[in-house]
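What follows is one structure encoded as structure tokens, with my remarks underneath.
The values are calculated or read from the model by the stated rules, or taken from the named source; none is laboratory data. Quantities reported herein were computed from a predicted structural model and do not represent experimental measurements. No Cβ is skipped: glycine too gets one built from the backbone with ideal geometry, and neighbour counts run over all protein chains shown. Only protein heavy atoms, including side chains, enter the accessible area calculation; ligands, DNA and RNA are left aside. Shrake-Rupley method; radii C 1.70, N 1.55, O 1.52, S 1.80 Å.
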Amino acid sequence: MTSTSAHSEGAELGRFLRARRTQTSPEHVGLTVGTGIRRTPGLRREELATLAGISIDYYVRLERGKETRPSPAVLDSLARALHLDDQEHQHLRELAARAARYVSEPPPAPSRTVRPHLKLLLESLRPNPAYVISRSMDMLAWNPGGLALYAGLEDWPAKHRNLARYLFLHPASRSLFPDWDRQITACVARLRAVAGTAPDAPDLTNLVGELLLKSPDFARLWERYEVTGRKPAQKTFHHPRVGTLTLTSQAMHLEGTPGQRIGVYTAEPGTPDHDALLLLDMNAPEAAPHREVPHASS
């Protein structure tokens with residue numbers, strides 16, 4: 001592995017540690033704070049090193065990306081000191097594993113091909129809105145309701161239809177979601193988790209680069225480096241075509257695909273929400289749900 005590659009991977013590990021350190025208050029980990037002015041947000045480096053039982057110099061090297069092979073015991077100590085949850089702890093392990101791995105070149109973008117039987121599955125789920133998305137949240141296939149549910153998304157060319165791009169850059173998204181702030185926080189956390197273990201993958205770097213440039217909200221959340229944003233099981237939409245509806249969402253990883261997932265929204269039959277789904281499906285543009293989407297360019 002080249003020194004440049006090693007430094008890049010170590011830097012990603014360091015960025016995650018620094019983000020978690022600066023967002024962890026001394027009080028949260030049981031430290032008593034004096035009356036003096038603290039110029040450092042969150043924990044100081046020496047405080048975290050002491051809590052984790054490692055030397056200050058070693059921790060500084062970790063955070064600066066110069067140390068890329070921390071032991072499992074060190075990682076576990078840092079996770080305990082920072083009070084990381086299970087998902088954050090696992091992300092820390094994955095970052096460390098990647099920093100220590102020999103990687104000769106950035107991985108290629110995964111295939112965007114959606115298997116024919118999955119496209120048939122989308123149609124069989126009607127009137128429930130459903131779609132297949134890539135790991136970077138590109139919409140690869142959909143049924144009519146799956147596209148129409150995101151009001152205005154059908155106006156974009158197929159290669160630009162990406163749920164993260166929609167949330168941050170489409171003018172209709174803020175009015176569609178009454179909890180828009182919660183939605184974007186969960187969205188960035190998911191992208192952070194994926195990009196943290198594949199920081200050089202072109203499908204992710206292109207999208208993140210675009211959103212960092214175009215959306216201050218995205219840039220602010222990206223800097224926080226949170227990887228545990230959770231989406232609610234139910235999601236409310238203020239839809240301009242069918243009114244307000246609350247749906248239960250379910251996302252599932254698709255076995256044998258390069259990180260693709262299927263997303264489905266449902267409502268109890270006989271309820272006003274289900275009636276709204278029927279109306280949405282009936283009036284949705286029949287926009288070639290089975291077409292393979294070409295690769296997006298930034």
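Numbers for the structure displayed
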read-out	value
Qualifying residue in region 99-107 (condition: without any contact (Cβ under 8 Å) to a residue 40 or more places away in the chain, surrounded by fewer than 20 Cβ atoms within 10 Å (Cβ to Cβ), under 21 Å from the mean Cα position of the chain (by Cα) and farther than 30 Å from residue 270 by Cα)	no
Residue among 145, 152 that alone is surrounded by fewer than 22 Cβ atoms within 10 Å (Cβ to Cβ) and of a type in the set (Gly, Ala, Ser)	152
Residue pairs meeting the criteria (Cβ under 6 Å; at least 6 apart or on separate chains; first more than 18 Å from residue 25 (Cα to Cα) and touching a residue at least 24 places away in the same chain (Cβ under 8 Å), in region 69-94; second surrounded by fewer than 20 Cβ atoms within 10 Å (Cβ to Cβ) and not small (Gly, Ala, Ser))	87/228; 94/197
Unique residue being more than 30 Å from residue 19 (Cα to Cα) and open to solvent by 60 Å² or more (accessible area, probe 1.4 Å) when the list is 213, 245, 279	279
Residue that is nearest to the chain's Cα centre (by Cα) [pool: residues in region 110-165 that are acidic (Asp, Glu) and under 13 Å from residue 262 (Cα atoms)]	138
Pairs, first more than 21 Å from residue 161 (Cβ to Cβ) in region 207-229, second small (Gly, Ala, Ser) and open to solvent by 30 Å² or more (accessible area, probe 1.4 Å), C-beta under 9 Å, six or more apart	221/229
Subset of region 169-181 that is open to solvent by 40 Å² or more (accessible area, probe 1.4 Å), in a helix (DSSP H, G or I) and in contact (Cβ under 8 Å) with a residue 12 or more places away in the chain - its residue that is nearest to residue 86 (Cα to Cα)	169
Single match in 185, 244 (criterion: closer than 23 Å to residue 283 by Cα and not aromatic (Phe, Trp, Tyr))	244
Meets criteria (open to solvent by less than 30 Å² (accessible area, probe 1.4 Å) and on the phi > 0 side of the Ramachandran plot) for residue 265	no
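Residues are listed down the side, and each one gets a yes or a no for (1) assigned to a strand (DSSP E or B); (2) surrounded by 17 or more Cβ atoms within 10 Å (Cβ to Cβ); (3) in contact with a strand residue (DSSP E or B) (Cβ under 6 Å, 6 or more places away or on another chain); (4) modelled with pLDDT under 90:
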| site | (1), (2), (3), (4) |
| --- | --- |
| 61 | no, no, no, yes |
| 68 | no, yes, no, yes |
| 73 | no, no, no, yes |
| 84 | no, yes, no, no |
| 126 | no, yes, no, no |
| 139 | yes, yes, yes, no |
